[in-house]
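Presented below is the structure to which this report refers.
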Amino acid sequence: MSDEPSSWTDLINESVHTSDDQDIGDIEAVSRNLIVVKKGLVNVHRYYIPLHRVEGWDGKVVWLKIPEDAVKANYERDAAPDPYNYHYSSAPTVDPSNVVRRFQINMPKIPPRAHEEKPFLVSRESSGEEERVFLCNLCNASFKTDDELSSHIESTH
């Protein structure tokens, strides 16, 4: 893999470490608001982590801004990512035309394991409203738009 991924989908299967340098697994899937980190094959643990909790990509590892205990306490879920709402490597995206728009989000790039906090910015571009319901995988609240879901995740989780 190149050291310069162009989108979050390029980071699928990459290792994720917490701020206290614990390897919590690899990115299994991504959405506009969350990365899904999976650890284990038999005893599987999945963590649905909001993008604003990601410090950045240092060329080898995706680093989080939060420690392992916070990830386990707040973001662990049993459900596998829904292919209608997530892009992941083991299944094709349901609507490939939507991939570029939904996953071209500003991805913070950091120097190898820097200790300084960098702001994380999510692009706010949107095109055509679709008649869909956007569900928060962390609390099951529903929203009319991706932007409403993004605001909810950033302010609540």
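Summary of computed values
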quantity: Cross-link partners of residue 39 among lysines (Cα-Cα below 25 Å; sequence separation of 8 or more within a chain); calculated: 60, 65, 72, 109
quantity: Net charge contributed by nearby residues that have their C-beta within less than 12 Å of residue 22 (K/R +1, D/E -1); calculated: -3
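Coordinate-derived values only; no laboratory data. Every value quoted in this text rests on a predicted model; they were computed, and no experiment measured them. Cβ: placed from backbone, ideal geometry, glycine included. Neighbour counts: every protein chain shown.
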